[in-house]
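Novice: Before I ask anything, here is the structure I am working with.
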Amino acid sequence: MLQTELIPSKSPNSRDLLIALHGLGDSMEGYRWLPDVLQCPSLNVLLVNAPDSYYGGFAWYEYVPDRAVSAPGVERSYRVLEALLNSTVEKGYPSERTFLFGFSQGCLMSTETAVRYARRLAGVIGVSGYIHDVQNLIKVASPVAREQRFLITHGTDDPLISLDEAKADFDALKEAGFNVDFHTFPKVHTIIEPEIPHFRKFINDRLGTS
């Protein structure tokens, strides 16, 4: 089971949900600011710690150049996120009102999960990430995968995951018929203030609360 913490929405009885997935070596503590900056009163935010300990933080999979080595961790983390989504549905949060938000490794896992998950989500916001094995992911996509909506952002000066690498992965997904909106920002491997309005608009548009 994943360690989670729910930050309730400011709108009583709202069942809108955003699940926040951190990057390598971080934890849920790094995303407590998210509800305040998104300014979406109906949004409950579920903070999540990845399964593996990593130098004081957590990791979703082993990050090494050889992606075959990372594959078992990606698969394991997909399974636990699938179970997490199923549990939130059982608790009354409809999948079509649920977002995945992920940074770096969290971006990869958000994309992996949304493409493979059997239910349509409200949307995916992925920041500064890549896709583990894009051609295989396309092959294992669920019947509703091409109904999912992806907002992806990346830095032009990212020293950890190059813009060319990330764009090639998400371009391949888009060329395969997936709804991918890819934006670049003048930044390194981080989240910056100019991205926030794009996140907010995407959420409001998808929920019909613009």
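Read-outs throughout are calculated quantities, based only on the coordinates presented, and are distinct from any laboratory measurement. As the structure is a prediction and not an experimental result, all values here were calculated from the model. A quick note on method: Cβ atoms are made from the backbone with ideal geometry, for glycine too, and the neighbour counts reach across all protein chains shown.
Novice: Quickly estimate the mean residue ellipticity at 222 nm for the chain, helices only: each DSSP H run with n ≥ 4 gives -39500 (n - 2.57), and the total goes over all residues, rounded to 500. The partial results should precede the final answer.
Specialist: Details: 6 runs with 72 residues, N = 210.
The helix-only estimate for the chain comes to -10500 deg cm²/dmol at 222 nm.
Novice: Can I ask one more? Per residue, what volume in Å³ does the Cα convex hull of the chain take up? Write down the numbers at each step before the final one.
Specialist: On the way: hull volume 23.1 nm³, N = 210.
So the per-residue hull volume is 110 Å³.
Novice: For region 97-191, what's the radius of gyration and Dmax over Cα atoms, in angstrom?
Specialist: Cα only, region 97-191: 12.2, 36 Å (Rg, Dmax).
Novice: In addition: Using 0.36 nm times the number of residues separating residue 205 and residue 5, minus their current alpha carbon distance, what extension gain do you get?
Specialist: On the way: separation 200, 0.36 × 200 = 72.00 nm, distance 2.57 nm.
Extending this stretch completely gives an extra 69.4 nm.
Novice: Run the reach check for residue 201 against lysines, Cα to Cα strictly under 25 Å, same-chain hits fewer than 8 apart removed. What comes back?
Specialist: Once the sequence-local lysines are set aside, what remains near residue 201 is 10, 167, 174, 187.
Novice: May I pose another question? Give me the Debye-computed log₁₀ of I(q)/I(0) at q = 0.19, 0.26, 0.28, 0.34 Å⁻¹ for region 108-149, equal point scatterers on Cα only, no solvent, two decimals.
Specialist: Rounded to two decimals, the profile gives -0.49, -0.90, -1.02, -1.30.
Novice: Let me ask something additional. To make sure I understand the rule: partners must be aspartates and glutamates, Cα under 16 Å from the Cα of residue 139, and not fewer than 8 residues away in the same chain. Which ones qualify?
Specialist: Candidates past the 8-residue exclusion: 75, 112, 147, 169, 171, 175.
Novice: Mind giving me the nanometre distance, one decimal, between the label points for residue 163 and residue 139, set 7 Å out from Cα along Cα→Cβ?
Specialist: Going from the residue 163 label point to the residue 139 one covers 3.2 nm.
Novice: Could you derive backbone 3J(HN,Hα) for region 58-75 from the dihedral phi with the Karplus parameters 6.51, -1.76 and 1.60 (θ = phi - 60°), listing whole Hz in sequence and x where the residue is Gly or Pro?
Specialist: Once θ is set to phi - 60°, the couplings for region 58-75 become 9, 9, 8, 6, 6, 9, 9, x, 7, 5, 4, 5, 6, 4, x, x, 4, 5 Hz.
Novice: Relative contact order of the chain: what whole-number percent is it, with Cα pairs under 8 angstrom and at least 6 residues apart?
Specialist: Reported relative contact order: 17 percent.
Novice: Using unit Cβ charges (K, R positive; D, E negative) and no other charged atoms, how large, in debye to the nearest 20, is the dipole of region 57-130 about its Cα centre?
Specialist: Working: 8 positive and 7 negative charges, 46 e Å.
Taking the Cα centre of region 57-130 as origin, the dipole is about 220 debye.
Novice: Moving on. If r is the Cβ-Cβ distance from residue 55 to residue 181 and R0 is 30 Å, what FRET efficiency results, to the nearest 0.05?
Specialist: On the way: r = 34 Å, r/R0 = 1.12.
After rounding to 0.05, the efficiency reads 0.35.
Novice: Determine ³J(HN,Hα), in whole Hz, for all residues of region 197-206 in sequence, where each value follows from phi through the Karplus function 6.51 cos²θ - 1.76 cosθ + 1.60 and θ = phi - 60°; x replaces Gly and Pro.
Specialist: x, 5, 4, 4, 5, 4, 5, 5, 4, 5
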